[in-house]
Ligand SMILES: *Cc1c(COP(=O)(O)O)cnc(C)c1O
């Protein structure tokens, strides 16, 4: 499989090069040249597949001959070696829990897959590969954990000071080894702008092999399709009709991967793009006009994105046909107040504790289902509520038990480098080491 740049001004590359580069030299996002068409027998017989076999089958055409099949098979198996349970909450809604990975965030899958691919590719690279990543919270921890100890790769994470939760901050500042956390005095958008500037800076790129671990990287983006296949596999054990799927969205990598899976043949009745007040895409879905926004801080901070990078991939998936896009995706804008009410109500009425991101998707799905009484669906629960204790504990007036997977973090010492929110500071620091 080859990948072309969405800016159409750079050569096509294979999976390996797309992964190492992150972004095309013309600053475009890479996009698969041909969307694989799934064998209809795979969908029909999906219950007979193990998670591992299914995942390998899905990823093979995208990776092509960049990785030997036997190696890809182990990479995929390690990537998904934790459960992806589908939990029924009421007659028409189920939660796909994507927080059972090592950092309790759905981003673990993308980060684990990408780090293993890069580790595989770095064996025949001369230079150390420097992964530069901006995080609004969860990406950082998942990337840090996924890349920890991977030889030939160092990871530099930029996060907005004071704007990530304590567990999130510990996850990205306590790894050490090949992981460095830069604490930026600014917003997530500032961090993202610094990273973007770094990829555009010619002299920096001459001296360092820089790549991105955000969902613009195909190796982060593509494996997220797997959630939708796992969800479908579980769902069809008890349902006749394909589900509506609501996705809490920020940079739109996750939902875009779901749409890709759907276009390649996975049955999904409808997609819901569930956003907090950072709703550039829902606004587009209502009006047909896209305008980037300035990011606003909310309680679902991993979705505080004013200009979602993967929006251009969604346009490409639908060949820029607004009618088709708006028929397949409905957008919702959910305020913090409604998010909080949803967390509390769901806890009291359904004995289920949502995190703020899952709550946004829960609410959007329930609103949609009110309008379509014959449908039922899944919302993605993308993080464990313990990662947002200030919000969640204040609502339910109870302490959330800290899962074992993160308890050890509290004994560790935070290590970060404080930096002003400007690119020159980053550049100087990168070159001085
Ligand atoms: C990153 C993240 C999202 C948003 O995912 P995108 O792919 O950026 O749309 C939602 N929820 C949580 C918990 C996240 O970490």
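The values are calculated or read from the model by the stated rules, or taken from the named source; none is laboratory data. Given the structure is predicted, the values throughout are model-derived calculations rather than measurements. Note that each Cβ is placed from the backbone with ideal geometry, even for glycine, and that neighbours are counted across all protein chains shown.
Results, tabulated for the structure shown:
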| read-out | value |
| --- | --- |
| Residues of the stretch 68-99 that turn out to be more than 16 Å from the ligand (Cβ to nearest atom) and either crowded, with 17+ Cβ neighbours inside 10 Å or over 20 Å from the mean Cα position of the chain (by Cα) (or both), as a count | 20 |
| Candidates 380, 431, 365, 418 - the one that is touching a residue at least 24 places away in the same chain (Cβ under 8 Å), surrounded by fewer than 14 Cβ atoms within 10 Å (Cβ to Cβ) and touching a strand residue (DSSP E or B) at 6+ places or on another chain (Cβ under 6 Å) | 418 |
| Among (1) at pLDDT below 95; (2) more than 15 Å from the ligand (Cβ to nearest atom) - the single one residue 386 does not satisfy | (2) |
| Subset of the stretch 148-175 that is farther than 24 Å from residue 121 by Cα and out of contact with any helix residue (DSSP H, G or I) (no Cβ under 8 Å at 6 or more places or on another chain) - its residue that is surrounded by the most Cβ atoms within 10 Å (Cβ to Cβ) | 173 |
| Failed criterion for residue 140 (all others in (1) within 16 Å of the ligand (Cβ to nearest atom); (2) in contact (Cβ under 8 Å) with a residue 60 or more places away in the chain hold) | (2) |
| Unmet criterion (only one of (1) at pLDDT below 95; (2) in contact with a helix residue (DSSP H, G or I) (Cβ under 9 Å, 6 or more places away or on another chain); (3) under 29 Å from residue 63 (Cβ atoms)) for residue 193 | (3) |
| In the stretch 341-371, the residues that are farther than 18 Å from residue 98 by Cβ, in a helix (DSSP H, G or I) and out of contact with any helix residue (DSSP H, G or I) (no Cβ under 6 Å at 6 or more places or on another chain) | 341, 345, 348, 349, 350, 366, 367, 368, 369, 370, 371 |
| Tally of residues being modelled with pLDDT under 95 and crowded, with 24+ Cβ neighbours inside 10 Å across the stretch 176-190 | 1 |
| Filtered residues of the stretch 209-219 (kept if touching a strand residue (DSSP E or B) at 6+ places or on another chain (Cβ under 9 Å) and at pLDDT 95 or above) | 218 |
| Flag for residue 115 being within 11 Å of the ligand (Cβ to nearest atom) and either within 16 Å of residue 15 (Cα to Cα) or assigned to a loop (DSSP other than H, G, I, E, B) (or both) | no |
| Residues (in a helix (DSSP H, G or I) and either within 22 Å of residue 58 (Cα to Cα) or in contact with a strand residue (DSSP E or B) (Cβ under 8 Å, 6 or more places away or on another chain) (or both)) located in the stretch 258-298 | 258, 259, 260, 261, 262, 263, 281, 282, 283, 284, 285, 286 |
| Residue 60 being within 22 Å of residue 226 (Cβ to Cβ) and either out of contact with any strand residue (DSSP E or B) (no Cβ under 8 Å at 6 or more places or on another chain) or within 16 Å of the ligand (Cβ to nearest atom) (or both) | yes |
| Test result for residue 28, under 18 Å from residue 312 (Cα atoms) and either exposed (fewer than 15 other Cβ atoms within 10 Å of the Cβ) or in contact with a strand residue (DSSP E or B) (Cβ under 8 Å, 6 or more places away or on another chain) (or both) | yes |
| Leading residue by the ranking (farthest from residue 318 (Cα to Cα)) among those in the stretch 235-252 that are crowded, with 18+ Cβ neighbours inside 10 Å and more than 15 Å from the ligand (Cβ to nearest atom) | 235 |
| Odd one out for residue 255, checked against (1) within 24 Å of residue 218 (Cα to Cα); (2) touching a residue at least 60 places away in the same chain (Cβ under 8 Å); (3) more than 10 Å from the ligand (Cβ to nearest atom); (4) touching a strand residue (DSSP E or B) at 6+ places or on another chain (Cβ under 9 Å) | (3) |
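This table checks each residue for (1) farther than 20 Å from residue 208 by Cα; (2) more than 16 Å from the ligand (Cβ to nearest atom); (3) touching a residue at least 40 places away in the same chain (Cβ under 8 Å).
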position: 101; (1), (2), (3): yes, no, yes
position: 106; (1), (2), (3): yes, no, yes
position: 120; (1), (2), (3): no, yes, yes
position: 123; (1), (2), (3): no, yes, no
position: 127; (1), (2), (3): no, yes, yes
position: 156; (1), (2), (3): no, yes, yes
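Residue-wise test of (1) surrounded by 22 or more Cβ atoms within 10 Å (Cβ to Cβ); (2) in contact (Cβ under 8 Å) with a residue 40 or more places away in the chain.
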{"site": "259", "(1), (2)": "yes, yes"}
{"site": "267", "(1), (2)": "no, yes"}
{"site": "275", "(1), (2)": "yes, yes"}
{"site": "287", "(1), (2)": "no, no"}
{"site": "292", "(1), (2)": "no, no"}
{"site": "331", "(1), (2)": "no, yes"}
